[in-house]
1. Every residue in the stretch 63-110 that is in a helix (DSSP H, G or I), surrounded by 21 or more Cβ atoms within 10 Å (Cβ to Cβ) and touching a Phe, Trp or Tyr at 6+ places or on another chain (Cβ under 7 Å), please.
2. Given the residues ASN28, ASN58, ASN38, ASN32, which is the only one that is modelled with pLDDT under 95, in contact with a strand residue (DSSP E or B) (Cβ under 6 Å, 6 or more places away or on another chain) and open to solvent by 70 Å² or more (accessible area, probe 1.4 Å)?
3. Identify all residues within the stretch 213-240 that are within 30 Å of PHE118 (Cα to Cα), part of a strand (DSSP E or B) and in contact with a helix residue (DSSP H, G or I) (Cβ under 8 Å, 6 or more places away or on another chain); write none if there are none.
4. Looking only at the stretch 83-105, decide whether some residue is at pLDDT 95 or above and in contact with a His (Cβ under 6 Å, 6 or more places away or on another chain).
5. Among the residues of the stretch 178-195 satisfying the criterion of being open to solvent by 40 Å² or more (accessible area, probe 1.4 Å) and among the hydroxyl-bearing types (Ser, Thr, Tyr), which is nearest to the chain's Cα centre (by Cα)?
6. Just for the stretch 196-209: of the residues that are surrounded by 19 or more Cβ atoms within 10 Å (Cβ to Cβ) and under 19 Å from TRP59 (Cβ atoms), which one is farthest from the chain's Cα centre (by Cα)?
7. Here is a check on your reading of the model: is HIS242 in contact (Cβ under 8 Å) with a residue 24 or more places away in the chain and open to solvent by 60 Å² or more (accessible area, probe 1.4 Å)?
8. Check VAL259, VAL275 and return the single one that is β-branched (Val, Ile, Thr), closer than 16 Å to LYS70 by Cβ and not in a strand (DSSP E or B).
Amino acid sequence: MRKGTLISLAFIVTMGMVLAACGGATDNSGENSTEETNNNNDQDAEDGNGTITLVYDNWADQIASSHVLKKAMEDRGFTVELTTATISASWAGVADGSADVLLAAWLPITHNEYYERFKDQLVDLGPNTEGAKIGLVVPEYVTIDSIEELNHNADKFNNQIVGVEPGAGIMQRSEKATDEYGLELELMTSSEAGMMSELQRNYDSEEWIVVTGWTPHWKFAKFDLKFLEDPQGVFGETEEIHTIVRQGLEDDNPGAYKVLDNFHWTLDDMNEVMVDMEDGMEPEEAAAKWVENNQDQVEEWFVE
């Protein structure tokens, strides 16, 4: 009996040690699991939850802003997909949720029609760039200063205003200006590239030309240009370029939503990227250069 009792006690002690060891291992495993979960959650918050689809029209200012933000976000672990569409399709895409964000909502004038149509189906995060402007633009050597003077000099402009794609906000305002001022010049549709080609050709020979224009745009760095005065205010005063996002993005991807809400830069910033692109840099290269040289500003987009 005494020997049996000692064996039983030894067995109990041994099992207790085993159970304690197992219990400790289980506790440590739980702690590690919790730490791993927290780390994963932190990473999810940093990376966002899923791909952000950023839509833009194939114009220089939109190319610049979209590629810069994509580069900055991807440097910090987000996944950003760029897709191109006309400006009307871009607004519609954010409104119906097929796109997450548009960085090029010109308000309150240029894109007012789209804003009024879709404002209840999207979220306006406010301006990311201030001081933008639209209007009719001529080279400085042209000796008129107002839209009201166009009809008296129509033949010098080949009886036309060189525009961009139909449906663009600047074209809608130019059509209104044609009506408001009773302009006899024909508003010609083209593309941004086509318009710039015509401007280059006429500028080189110092021939008169009037185009639909906006700033920020690299043409103001390359050419000596001026906006024609707009006494009736058809084109408005200075504008803001807003960020709009789809409804529900804040809940679906709060990390990315915060960055988009914080995103802001200046006309000079945008012009710097556009000039680099015009000088031959690919958009990705120009964007990477700007991001690398402006890290302090970029960091402001990622503050909590």
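1. Correct list: ILE63, SER66, VAL68, LEU69, ALA72, SER90, TRP91.
2. Exactly one of ASN28, ASN58, ASN38, ASN32 is modelled with pLDDT under 95, in contact with a strand residue (DSSP E or B) (Cβ under 6 Å, 6 or more places away or on another chain) and open to solvent by 70 Å² or more (accessible area, probe 1.4 Å), namely ASN58.
3. GLY213, TRP214, THR215
4. Scanning the stretch 83-105 turns up at least one residue that is at pLDDT 95 or above and in contact with a His (Cβ under 6 Å, 6 or more places away or on another chain).
5. Checked the stretch 178-195; the qualifying residue nearest to the chain's Cα centre (by Cα) is SER191.
6. Checking each candidate, the answer is LEU199.
7. So HIS242 fails the test.
8. Sole residue among the options that is β-branched (Val, Ile, Thr), closer than 16 Å to LYS70 by Cβ and not in a strand (DSSP E or B): VAL259.
The values are calculated or read from the model by the stated rules, or taken from the named source; none is laboratory data. All of these numbers come straight from a predicted model, not from anything done at the bench. Reconstructed Cβ throughout: ideal geometry from the backbone, glycine too, with neighbour counts over all protein chains shown. Ligands, DNA and RNA are excluded from the accessible area calculation, which covers all protein heavy atoms including side chains. Shrake-Rupley method; radii C 1.70, N 1.55, O 1.52, S 1.80 Å.
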